[in-house]
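Taking it in order: structure first as structure tokens, then the write-up.
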Amino acid sequence: MKSFLLIAKREIRLLFHNKSIFIFSVVLPFISILFFNTLLSEGVARNLPIAVVDLDNSSVSRNVISQLNATPELEVSNQPISQLEGENLIQQLKVYGLVTIPKNFGSDLNQGKQVYVLNQYNSSLLLPSGLEIKAVNRVIGELSAGLNIKKQLKNGVYIKQAKVNLQPVTSNNHILSNPYTNYSYYLNSGFLTLFFQIFVILTTIYCFGTDLKYKKGEKLYNIGNGNLLTIILGKTLPYTLWFYFVGLVMYFSMFVFQDFPLFGSKWAVLVALLLLIISTQAVAIFFISISKSFRESLTYGSGFAAISLSFSGITFPIFGMPKVLQWLSQIFPFTHFFELFLDQTQRGFPLFYSIKPIIILVLLTIIPVLLVAKKLRNLLKQGSFLQRI
Amino acid sequence: MKSFFKKYQQAKTSFWNTVSTEWKAIKYDKAVISAFFSVAFVILIVYTYIYSNEVIHEVPVAIVNQDNSKASRDYISMLDASDGIKSISTYSDLQQAKTDYFAKKVMGIVIIPKDFGKDIRRGRQTTITTFADASNMIFYKKVLVDVSVTTGYFNAGIVIKKEMAKGNSIAVASQNYSPIKIISTSLFNASSGYATYIIPMLTALIVQLVLLMGIGIINGSRREDNLLQKNFPELHHNGGAIPVLLGKAFLYSLIFAVILPLQIGIVYTIFSIPIRSSLILIYLFSVPYLFSVVFLGIAISSFFKRREDSIVFLVLLSVPSLMLSGLSFPTEGFSNFYQQLAKLIPSTPGMNGFVKLTQMEASFSEVLSEWNHLWLLALIYFWIALITLKFRISSEKKRNQSPI
């Protein structure tokens, strides 16, 4: 116990002496929380510029343009005179889509002929192009439906019946978890917690790495009386507590400042935070023990932390990855944390379904440390990494 | 004239000196070599492999069929035939479907109401209820889009059949049903594939990451050992830093002249991501991008005390630069402050230009604005790098002179 306190005290002293650790554990976490909370504060993209080529120039076509302009997603920013010019605007990334209204659009429509509208979009940019298709489809669909109903009314059909004739089956869509399809809820849940994880892993590697780089491992080993558990706890526990506080600030920014959905158990969300911190620290210890140098452990650690975003399935579902990577994704603590986090915040699942990720996170904390315990002991006895660089 | 010539000769020597010193530093530093090659290739390949399926197919969706009529079964089989959804219709009530949703066996629920078939035949409107989980946008869009498209076709089928029963031809019926048709075409990335979308962006981003890391490691170890003066004595001369900076930029550009075609040629070909540009245009476009990143790297690395510090760039700069580039989330959604901040990062115009060239078949004149932007950034960071170099050499000199 005494040696534990000695190491912990030494660690806190180091924190204020080592500029890098101070920056990673104190300064940058708050900057990242500020950055992500303010970057996507809108959450939903509005007024995406599109171009409309109006080859008809009738009152009908102008109505189409103003309807497009009236949607919250779109804004008709350019009206090029030819399609070629419009396509160039897309290539210059000045507009996200190009809607072409053909010649004789209005007169054909009045004669009862079927007309078409051409929508060209740019899927090189997935998000805006998705919004553009949705908005243009909706506008044109509504215009078309309006004309259909008008025609029926002229034939003496009642409005109620006309609607049924247009749409015998309607669909009532309920959006679960993220009712406004707010991108801030979606992306920031991932980015904020990912960056939090990065800082935990970097700090842990730094706090062991600086000791080992400057040949202080043996000293540490002696203070700890050779008890590995005391050393590990003494070195990591101050940071566990500190990062728990940082994590609470992060949660505050999400759920109070930004009003993220929190439908599940608050206690589970708090437990998830603790599990994320300790499992990440365990991974960091694993990387320190297997590396030949400080630099190498940092490379592994930061690479592991950065890529865990993709493996968590937030950008592209794990379900859609090649089978090998689906298995691989299970060794990342962040994957399980993120599942637990989403289930207990946005999805609001019963607690029973979160027991599995909790157990896995506990296992992922214990196993990496057990795996390298012997190596770490030798490394500390040795006092420093094999290589300086 | 003679003094000018002498200056030129001097600059030329120090230029080639820099190139050879820097090359040696790279060659003998395992960390830098691994940064250049392992990060540039391994990370790119891993990411591409993660996204290599491009789109998700057959998302399981629970169907609660409360009707059990022929019409409802038709609807379900239409839904099942759509590319994105696999319908599982073994649920007798909503509770059962919910349990499987909690267990993540299904990603959405579709309820077909009682009297679905009867109502359609009687000419009454009936409503299908869907639940889609928006905590993951990709699943959500897949479920929602496929259900609405199926419903749209199902409706059109019913209405057109009715019209034809009245004696109208199919052409007239379809024309009456939807007076305005919409033809949607994607100009690029026709299948909206995820790898095709993100890999070109990552390729350009990785250039910046790898360069910043490499330069940071080299300069960090020079700083650890106080080697700056010894390696680059010309920095003491008046204007001596200019050939040093140019020499470094030249060398790193040469290295990337090898890495870039390898990246594009191997990774893009293996995972069949389109390349719609010639190598020469990519080279031409990369020159100011590489220059600006090199100068930025030199300027930033003077803040690092240790060589390890620069590695964190890999992780800390990647996501913010990706977000700020405006390619993943449209810049229109950012506040003015972030829009301006984005312009200061070389990767913003770099990624935009690279995506335009390789994916959107842009001609060089269409990336000219990014190209000019990059030259401007290169110029700005050149000056900043010049100042920091001067500052560092004088502080190092002081440290070496002061008796310890």
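The table that follows gives values for the structure above.
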read-out: Simple label model, 7 Å out from Cα along Cβ direction - A:Trp327 to B:Lys105, nm; value: 2.4
read-out: Chain A: relative contact order in percent, alpha carbon pairs under 8 Å with at least 6 residues between; value: 20
read-out: Surface accessible to a 1.4 Å probe, per residue, for the residues of chain B, Å²; value: 43
read-out: Area accessible to solvent at A:Met321, 1.4 Å probe radius, in Å²; value: 10
read-out: Solvent accessible area, Å² - B:Ser363, 1.4 Å probe, full protein context; value: 50
read-out: Residues A:Phe22 and B:Ser77, FRET efficiency given R0 of 60 Å [Cβ-Cβ distance, rounded to 0.05]; value: 0.45
read-out: From phi via Karplus (6.51, -1.76, 1.60), per-residue ³J(HN,Hα) for segment A:251-264 in Hz, x at Gly/Pro; value: 4, 4, 5, 6, 8, 9, 5, 9, 6, 5, x, 9, 9, x
read-out: Threshold 40 Å² - residues in segment B:28-69 whose accessible area is reduced by that much or more when the chain is no longer isolated, probe 1.4 Å; value: B:Lys30, B:Tyr47, B:Tyr49, B:Ile50, B:Tyr51, B:Asn53, B:Ile56
read-out: Long-range amide H partners of A:Ser171 with built H, under 5 Å; value: B:Ile128
read-out: Length added when fully stretched, A:Ser3-A:Ile81, from 0.36 nm per residue minus Cα-Cα; value: 20.2 nm
read-out: Mean separation of Cα contacts under 8 Å, 6 or more apart, over the residue count of chain B: relative contact order %; value: 20
read-out: Gyration tensor verdict on the protein assembly as shown (Cα atoms; rounded if a/c is under 1.5, prolate if a/b is larger than b/c, oblate otherwise); value: oblate
read-out: Residues whose placed amide H lies under 5 Å from that of B:Asn189, excluding near-sequence neighbours; value: none
read-out: Carbon and sulfur %, accessible surface of chain A computed with the full protein complex present, 1.4 Å; value: 63
read-out: Where segment A:274-389 is the region considered: accessible area per residue in Å², 1.4 Å probe; value: 38
read-out: Percent carbon-and-sulfur accessible area, chain B, ignoring ligands, DNA and RNA, probe 1.4 Å; value: 64
read-out: Partners for A:Lys94 among lysines (Cα-Cα distance below 19 Å; same-chain residues under 8 apart left out); value: B:Lys343, B:Lys356
read-out: Rule-of-thumb Rg ratio for segment A:334-389 [Cα; 2.2 N^0.38 Å; N residues]; value: 1.75
read-out: Amide H contacts of A:Gly97 (H built 1.01 Å from N, under 5 Å, at least 5 apart or other chain); value: A:Ala51
read-out: Over segment B:59-177 - Rg/Rh using Cα atoms and the Kirkwood inverse-distance radius; value: 1.03
read-out: Between 0 and 90°, nearest 10: helix A:183-213 axis offset from chain A longest Cα axis; value: 20
read-out: Hull shadow area, averaged, segment B:24-114 [alpha-carbon convex hull, nm²]; value: 8.0
read-out: Between A and B, accessible area buried - total, square angstrom, nearest 100, 1.4 angstrom probe; value: 9900
read-out: Taking all pairs of distinct alpha-carbon atoms in chain B, Kirkwood radius in angstrom; value: 25.6
read-out: Unsatisfied cross-links (Cα-Cα over 21 Å) in the set A:Lys213/A:Lys375; B:Lys70/B:Lys114; A:Lys151/B:Lys166; B:Lys27/B:Lys390; A:Lys356/B:Lys142; value: B:Lys27/B:Lys390; A:Lys356/B:Lys142
read-out: For chain A, convex hull volume per residue from C-alpha positions, Å³; value: 181
read-out: Lysines whose Cα lies under 16 Å from that of A:Lys374, excluding same-chain neighbours fewer than 8 positions away; value: A:Lys292
read-out: Per-residue ³J(HN,Hα) for segment B:364-370, Karplus 6.51 cos²θ - 1.76 cosθ + 1.60, θ = phi - 60°, Hz, x for Gly and Pro; value: 5, 5, 7, 9, 4, 5, 5
read-out: Segment B:187-192 - phi-based ³J(HN,Hα) in whole Hz, Karplus 6.51/-1.76/1.60, Gly and Pro as x; value: 6, 9, 6, 4, 8, 6
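The values are calculated or read from the model by the stated rules, or taken from the named source; none is laboratory data. This is a predicted model, so every value here is computed, not measured. Because the Cβ atoms are built from the backbone with ideal geometry, glycine has one as well, and the counts that use them run over all protein chains shown. Ligands, DNA and RNA are stripped out before the accessible areas are found, and what is left, the full protein with its side chains, is counted by its heavy atoms. Shrake-Rupley method; radii C 1.70, N 1.55, O 1.52, S 1.80 Å.
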